[in-house]
Amino acid sequence: MIKRIIGSLILSALLSGNAFAHSGKPKFHVIIDTDGAIDDMRAISMLLSGNDIRVLAITCSQGTLLPETVFVKVNSLLSTFHHEGIPVGISEEINFELPSWTSFAQDIQWANEKKIQNVNPYRKSSEILNNTIENYQNKVTLIALGSLKTYADWIKANRNEADKIERIIWYNNHNIKDGFNYKVSPESFEYIKQSGIILEVVANNTDKLFVNEDYLNHIHSTHSIYASQIEDVHTQASVVEKINDKHLHLWDDVVPLYLTIPILFEKEALQNIKLASINPHILPSFVYETIGKLLITATTTNNRVFTAFPIDTALYKSAYAMMLNETIRKFGLIEWKAISMTNEIHGHTGIYSIIGAKMGIRAMEYFNVGINNLEVLTFAGNIPPLSCFNDGVQISAGATIGQGLISISDSISAIPSAIFEFNNQKVHIALDPEIAEQMRNEIKYGITNYGLQSDTYWLYIEGLAIKYWADFDRQEIFVIEKM
């Protein structure tokens, strides 16, 4: 009975949207420190997927692995998720013997390390923390999936910035000194405990939560890039062996759940720290289902008028109905909504406006932010058809004139391009020159053969736009340069 009541309460919270809201302005602003264990990979994926969670940076510290090894794994994961704009820092190596499970963790591929795109340069964790926290307007939650050393060292050197830290959430055994993450750097725990910063220690004190068939089935049924990557990692031979031996518990995985749905946890105070552990009355299958819900939120649209963005083919004109399902399968509902809304507001199905919409989605993906968060400077001018690009960027990224988030440069580029900025980080994104040339030639063909003002010409342009919408992959058609 207790289990059913608790489950009903949490399910009600999920369905009401209180736990996983879909706002451009998130509730949680976090920095993650990781030591490279496989449960860190799962936890980071969950944190990146949450619409209500903004991951500002990730630091790589020693614990399970050496920092530079962790750095490669984190960058490969961010590249796979197309979140290359999240800064990654490397902490210093310490005099601590690596544990017995290091070789297992080192051999696990978090993602394809040979396909890392726009790799983050080697930067110290302290520099990443300085730049991220100094420039950010909201208070930040520090999440420690390894030891507390990276955060303790930074706080010691930046006491004046400590008031910008809302709290630290740390995974560790509640018998503090028995925990591996404590043993890596005991002095860091003692320092943080006395610092006055809220420290919340999260643990899985049950013996019921495993990476097992039930967990993997819930992950498999969750159709998102984050869930797919977790599933892929857990098909590697050495990982399957650990799963079959019931060795892989949910450890750091519970931290994202604690952050977003604290009702799942029992809480108590120990001196000046807070302890939280999964409520033992909650069924494991419900925990797995909840993880699935968190992993899928990033694929949902940010709706203000609609309860859900309409995708019933009966609501669309035939040309769009024919392409709807396959295009959503390839590029996601978020892009489909952005381009559909762009076409409606723009007044016709335009080529450059569609490119702008795809670029706006790609820029949000790059920084892993929601709408209304990017400042944009475009180089498309004010003269159609090139300036139609501006409409697509505004509608997709929410960087509208009304919100003062978009500016149009006096410099005009024949290739659709823009600079996107978030938290003092800038990136220049431009359409691939070969694709831009292809588009210009196809438009010129229409003008030459049909005349600029003819109905036939505009039908031809609409056909081109639909083809670009359905065929152009935003991961492949843009050239991205960090600034």
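The values are calculated or read from the model by the stated rules, or taken from the named source; none is laboratory data. The shown structure was predicted, so the numbers you read here are calculated from the model rather than taken from an experiment. A quick note on method: Cβ atoms are made from the backbone with ideal geometry, for glycine too, and the neighbour counts reach across all protein chains shown. Keep in mind that these areas ignore ligands, DNA and RNA; they rest on the heavy atoms of the full protein, side chains included. Shrake-Rupley method; radii C 1.70, N 1.55, O 1.52, S 1.80 Å.
Residue 225 passes every criterion in (1) surrounded by 23 or more Cβ atoms within 10 Å (Cβ to Cβ); (2) within 23 Å of the chain's Cα centre (by Cα) apart from (1).
Among the residues of this structure, residue 360 does not count as one that is small (Gly, Ala, Ser), out of contact with any Asp or Glu (no Cβ under 8 Å at 6 or more places or on another chain), surrounded by fewer than 20 Cβ atoms within 10 Å (Cβ to Cβ) and at pLDDT 95 or above. In the condition set (1) buried (at least 21 other Cβ atoms within 10 Å of the Cβ); (2) within 29 Å of residue 112 (Cα to Cα), residue 220 is compliant with all but (1).
In this structure, residue 390 qualifies as closer than 17 Å to residue 478 by Cβ and outside any strand (DSSP E or B).
On the stretch given as region 315-356, residues that are part of a loop (DSSP other than H, G, I, E, B) and among the charged types (D, E, K, R) total 1. Evaluate region 442-457: report whether one residue or more is over 28 Å from the mean Cα position of the chain (by Cα), open to solvent by 60 Å² or more (accessible area, probe 1.4 Å) and basic (Lys, Arg). Yes, that holds for at least one residue. Tell me, yes or no, whether region 199-208 has at least one residue that is open to solvent by 20 Å² or more (accessible area, probe 1.4 Å) and not in a loop (DSSP other than H, G, I, E, B). No, region 199-208 contains no residue that is open to solvent by 20 Å² or more (accessible area, probe 1.4 Å) and not in a loop (DSSP other than H, G, I, E, B).
Of all the numbered requirements in (1) more than 28 Å from residue 56 (Cα to Cα); (2) in contact with a Gly (Cβ under 7 Å, 6 or more places away or on another chain), residue 464 misses one, and that requirement is (2).
Restricting region 109-132 to residues that are among the hydrophobic types (A, V, I, L, M, F, W, C) and at pLDDT 95 or above, the residue that is surrounded by the most Cβ atoms within 10 Å (Cβ to Cβ) is 129. Annotation: of all residues in region 285-314 being assigned to a helix (DSSP H, G or I) and among the small types (Gly, Ala, Ser), the one that is nearest to residue 222 (Cα to Cα) is 292. Which one is nearest to residue 229 (Cα to Cα), of the residues in region 15-37 that are open to solvent by 10 Å² or more (accessible area, probe 1.4 Å) and modelled with pLDDT of 50 or more? Looking at the filtered set, the residue picked out is 37. Evaluating residue 396 against the criteria (1) crowded, with 23+ Cβ neighbours inside 10 Å; (2) not β-branched (Val, Ile, Thr); (3) not in a helix (DSSP H, G or I) leaves one unmet condition, (3).
Does region 250-268 include one or more residues that are outside any strand (DSSP E or B), open to solvent by 40 Å² or more (accessible area, probe 1.4 Å) and without any contact (Cβ under 8 Å) to a residue 60 or more places away in the chain? Among the residues of region 250-268, at least one is outside any strand (DSSP E or B), open to solvent by 40 Å² or more (accessible area, probe 1.4 Å) and without any contact (Cβ under 8 Å) to a residue 60 or more places away in the chain, which makes the answer yes.
Inside region 287-308, residues that are at pLDDT below 95 and either loosely packed, with under 14 Cβ neighbours inside 10 Å or aromatic (Phe, Trp, Tyr) (or both) make up a count of 6. Cβ-Cβ under 8 Å, sequence separation 6+ or interchain: first residue in region 374-388 and farther than 12 Å from residue 412 by Cα and β-branched (Val, Ile, Thr), partner open to solvent by less than 60 Å² (accessible area, probe 1.4 Å) and assigned to a loop (DSSP other than H, G, I, E, B). Which pairs? Once the first residue is farther than 12 Å from residue 412 by Cα and β-branched (Val, Ile, Thr) and sits in region 374-388, its partners that are open to solvent by less than 60 Å² (accessible area, probe 1.4 Å) and assigned to a loop (DSSP other than H, G, I, E, B) give 376/399; 376/405.
Mind listing whichever residues of region 224-249 are assigned to a helix (DSSP H, G or I), farther than 19 Å from residue 298 by Cα and of a type in the set (A, V, I, L, M)? Within region 224-249, 233, 237, 239, 240, 243 qualify.
Is it the case, given these coordinates, that residue 314 is open to solvent by less than 40 Å² (accessible area, probe 1.4 Å) and either of a type in the set (A, V, I, L, M, F, W, C) or modelled with pLDDT of 95 or more (or both)? Spelling it out, it is not the case that residue 314 is open to solvent by less than 40 Å² (accessible area, probe 1.4 Å) and either of a type in the set (A, V, I, L, M, F, W, C) or modelled with pLDDT of 95 or more (or both).
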